[in-house]
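Reviewing the structure listed below.
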Amino acid sequence: MIAKKPREQVKLWSLPHLKDTELLYANYVTQSFAKHAHDGFAIGVIKKGALKFFYRGEHLIASPGCINLAVPGEAHNGWAASPAGWTYRMFYLPPALLEQAASQMVGRPKGLPFFQPGVIQDPLLAGLIQELHLLLEDPGIPLLEQESRLLWMLTLLIARHGEERFPLSGMGKERRAIGRAREYMETCYAEDLSLQHLAAVAQLSSFHFMRIFHHEVGLPPHAYLIQIRVKRAKDLLKRGLPISLVALETGFADQSHLTRQFKRVVGVTPGQYSKIVQDR
């Protein structure tokens with residue numbers, strides 16, 4: 001019996017609300033990329049197989065767990081380095097996102113960061129890239145979580161692998177600023193809040209707000225917002241409201257999204273919780 005070759009699979013999509021960031025999930029077997037360059041940054045993680053490409057004067061191989069990267073305007077090609085091909089998750093990031101992240105890290109305007117290597121071995125960062133990429137397949141993920149996770153991934157990439165060292169701006173005593181943001185979140189929890197808007201409420205840059213908030217509260221902003229929403233959902237369930245209506249009233253995308261997050265926080269599903277409190 002002749003063994004079947006693995007089937008190629010490609011999924012490409014764009015996120016307009018993240019400055020038109022593009023994402024690619026692909027399983028390539030016979031694909032061979034001609035020499036080309038990107039207008040933005042291309043960064044991804046190899047999941048299976050291996051990718052070989054010529055970049056900045058040398059032949060490189062990215063194997064499972066490796067990060068592969070190309071800076072804007074740098075020509076490269078690509079083909080399979082194993083008989084089974086390769087599977088990877090890629091981000092195609094507008095330069096403005098990296099420039100903004102770098103500027104916010106140091107607290108003053110900065111140009112584009114530069115990355116020398118085309119292959120990076122960094123399990124922590126690779127894990128964050130894959131986790132975020134998978135998360136962004138779900139259109140119901142709140143905007144605040146999408147923006148926060150993307151900004152954190154970019155700043156970690158710049159801090160750990162940028163050619164220029166980017167010392168982080170100091171953390172002052174911004175408790176009042178964080179207090180304003182928390183009060184706003186407590187009031188407007190059902191809205192699809194953005195990181196930029198909350199940072200504006202606190203009168204801080206998005207990155208500085210995210211760092212200070214996590215330091216002061218012990219949770220990133222998106223996780224804190226989920227805590228608020230779950231708390232409000234519990235109140236509504238105690239009043240006997242239907243779960244679908246509770247999801248709508250508390251800002252979750254739908255009932256299934258509420259159920260996932262509720263169980264992660266409370267330990268039981270909304271349906272189980274409702275039955276428990278109604279039987280008392």
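Filtering GLY65, GLY40, GLY49 for residues that are over 21 Å from ARG160 (Cβ atoms) and either charged (D, E, K, R) or at pLDDT 95 or above (or both) leaves a single hit, GLY49. What is the residue count in the stretch 138-154 for residues that are over 17 Å from GLN261 (Cβ atoms) and either of a type in the set (A, V, I, L, M) or surrounded by fewer than 21 Cβ atoms within 10 Å (Cβ to Cβ) (or both)? Total satisfying the criteria: 5. Determine which member of the set ALA181, ALA247 is open to solvent by less than 20 Å² (accessible area, probe 1.4 Å), of a type in the set (Gly, Ala, Ser) and closer than 30 Å to ARG108 by Cα. Result: ALA181 is the single residue among ALA181, ALA247 that is open to solvent by less than 20 Å² (accessible area, probe 1.4 Å), of a type in the set (Gly, Ala, Ser) and closer than 30 Å to ARG108 by Cα. The set of residues in the stretch 215-248 being within 20 Å of the chain's Cα centre (by Cα) and not aromatic (Phe, Trp, Tyr) consists of HIS215, GLY218, LEU219, PRO220, PRO221, HIS222, ALA223, LEU225, ILE226, GLN227. Scanning the stretch 208-258 for residues that are closer than 17 Å to MET185 by Cβ and among the polar types (S, T, N, Q) gives GLN227, THR250.
Look at GLU186 and say whether it is farther than 15 Å from ARG149 by Cβ, part of a helix (DSSP H, G or I) and among the acidic types (Asp, Glu). Here the answer is yes, as GLU186 does meet what is asked. Filtering PHE207, PHE252 for residues that are crowded, with 21+ Cβ neighbours inside 10 Å, among the aromatic types (Phe, Trp, Tyr) and part of a helix (DSSP H, G or I) leaves a single hit, PHE207.
A count restricted to the stretch 189-199 and to residues that are over 18 Å from LEU97 (Cα atoms) and open to solvent by 40 Å² or more (accessible area, probe 1.4 Å) stands at 4. Scanning the stretch 82-99 for residues that are under 26 Å from GLU137 (Cβ atoms) and free of Cβ contacts under 8 Å to residues at least 60 places away in the same chain yields SER82, TRP86, PRO95.
Has the stretch 220-230 got at least one residue that is more than 28 Å from THR259 (Cα to Cα), of a type outside the set (A, V, I, L, M, F, W, C) and assigned to a helix (DSSP H, G or I)?
no
Within the stretch 8-27, the set of residues being crowded, with 17+ Cβ neighbours inside 10 Å and touching a Phe, Trp or Tyr at 6+ places or on another chain (Cβ under 6 Å) comprises GLU22, LEU23. Between GLU249, GLU191, which is among the acidic types (Asp, Glu) and touching a Leu at 6+ places or on another chain (Cβ under 8 Å)? Every option except GLU249 fails the conditions. Go through the stretch 131-143 and report how many residues are within 9 Å of the chain's Cα centre (by Cα) and in a helix (DSSP H, G or I). Number of matching residues: 5. Among the residues of the stretch 22-58, the one identified as on the phi > 0 side of the Ramachandran plot and touching a residue at least 40 places away in the same chain (Cβ under 8 Å) is ARG56.
The values are calculated or read from the model by the stated rules, or taken from the named source; none is laboratory data. Keep in mind the model is a prediction, meaning the values are calculated, not measured. All Cβ positions, even for glycine, are placed from backbone atoms using ideal geometry, and neighbour counts span all protein chains on display. Note: accessible area is taken over every heavy atom of the protein model, side chains too, but ligands, DNA and RNA are not part of it. Shrake-Rupley method; radii C 1.70, N 1.55, O 1.52, S 1.80 Å.
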